[in-house]
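Here the structure is laid out as structure tokens; the discussion comes afterwards.
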Amino acid sequence: MKKSIQKAESIHLASTHPSFDTRIFHKECKTLANAGYRVTLLVPHDGDEVVDGVRIRSVPKPKVGRERLSKTLGHLYRAALTEAPEAIYHFHDAELIFHMFLLKVRGRRVIYDAHEDTPKQVMYQHWIPRLLRHPVSLVMRLAEWLGGRWFDGIIAAEPGILKRFPAKRTVLVQNFPLLDELFSTVSMPYAERPLRITYVGGITRKRGVEEMLAAIDRLPATLRAELVLGGSFHPAVLEDEVRQMPGARRTRIRGWLQREQVIEVLAETRVGIVTLHPTPKYLESYPTKLFEYMSAGLPVIASDFPQWRRIVEEAQCGLLVDPMDPEAIAEAMQWILEHPDAAAAMGARGREAVRDRYSWEQEAPKLLAFYEDLGDPRPGD
């Protein structure tokens, strides 16, 4: 009698990311589910459900921020223990790494999806006391070093992260946008759009919010330009400070946006801006928002960092600026708004670059091949 081959199972764990995070849910989980894998996402959520072929298993949401470390990590670990022992456990937040070591001790197969350079990121976390940041960074560096040699595999979201882990155990699966997801076929013609510059993402000082507001404040009043901020403020009290800054009267704060809202906002804007500060974390990373603006067909204003310069200049899709210079940012804003034909051409070239080189559709096969190399049976009956 022919024995049927059991489909592989992938259990994803996330503690800080939202349930429908673009990389975790819409890209990786759905890619695996569409390939025939049985996919479960363990995440703080309002209840269990199945969405787009992905089983979402909820754990209680933290009532306050500190409960994420004191309770949520434990909830996720205990939930993982009740899942299939033969599954592949794929975790997405570095703070889960010590619980994942416990899963390895119990014989589970574990993949670490390294979204960020965590040791560097720790040095800029406002909620970690300054005196503790360096020790915590060292602990995380050691934990990731051990994980890179003990876990069954590492998925790196960026080339800079890839270099930190053993080559034989690590694959680069970059967080490029889903092709056509952010491009609205019903958007108004570019030259008819409001004179709007948009930033979408986490809003912090290091991400350039003060310089963006100072820049919009410098534009001629006759230009009637507007800055739109879509995202959450970190720390939350920063929002009150931003509302008092010069330029606030020409800035619209939209708050955190659902994916559908992001598409709508980008379809009604002239330029996407991503002017992050030159910190070690950002200098060596690829900004997801840069590629998403390009995917939406928008010209970009971006920090003049070496890695970013190569992308923008190669695609001829925008202007590069010193992110610490509001005057330079303002000049770039004004030039793009006053040259709609050239700006529209930049946006078209950026979109074409995404189609050719920077889409998730080119990354997904690497994720699937990585799973197959783990030794699981190929999906299918």
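The values are calculated or read from the model by the stated rules, or taken from the named source; none is laboratory data. Bear in mind the structure is a predicted one, so any value in this text is a computation, not a measurement. With ideal geometry, Cβ positions are generated from the backbone for all residues, glycine too; neighbour counts draw on all protein chains shown.
Numbers at a glance
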| item | result |
| --- | --- |
| Selection count, the range 219-232, where residues are more than 17 Å from the chain's Cα centre (by Cα) and surrounded by 16 or more Cβ atoms within 10 Å (Cβ to Cβ) | 5 |
| Test result for E264, assigned to a loop (DSSP other than H, G, I, E, B) and over 15 Å from the mean Cα position of the chain (by Cα) | no |
| Answer residue from the range 234-249, given it is in contact with an Asp or Glu (Cβ under 9 Å, 6 or more places away or on another chain) and assigned to a loop (DSSP other than H, G, I, E, B) and is farthest from R218 (Cα to Cα) among those | M245 |
| Where a residue in the range 78-98 is hydroxyl-bearing (S, T, Y) and its partner, wherever it lies, is assigned to a helix (DSSP H, G or I) and buried (at least 17 other Cβ atoms within 10 Å of the Cβ), with Cβ under 8 Å and at least six apart | Y89/A80; Y89/M100; Y89/L103 |
| Selection status of Q307, assigned by TED's automatic domain parsing to the domain that holds V228, out of contact with any strand residue (DSSP E or B) (no Cβ under 9 Å at 6 or more places or on another chain), modelled with pLDDT under 95 and surrounded by fewer than 22 Cβ atoms within 10 Å (Cβ to Cβ) | yes |
| Residue within the range 253-275 that is among the polar types (S, T, N, Q), under 22 Å from G297 (Cα atoms) and modelled with pLDDT of 95 or more present | yes |
| Hey, A330 modelled with pLDDT of 95 or more, in contact with a Lys or Arg (Cβ under 6 Å, 6 or more places away or on another chain), crowded, with 22+ Cβ neighbours inside 10 Å and aliphatic (A, V, I, L, M) or not | yes |
| Those residues of the range 178-213 which are in contact with a helix residue (DSSP H, G or I) (Cβ under 8 Å, 6 or more places away or on another chain), within 17 Å of A225 (Cα to Cα) and assigned to a loop (DSSP other than H, G, I, E, B), in sequence order | L195 |
| Condition met for P235 (more than 18 Å from A332 (Cα to Cα), in contact with a helix residue (DSSP H, G or I) (Cβ under 7 Å, 6 or more places away or on another chain), surrounded by fewer than 16 Cβ atoms within 10 Å (Cβ to Cβ) and in contact (Cβ under 8 Å) with a residue 24 or more places away in the chain) | no |
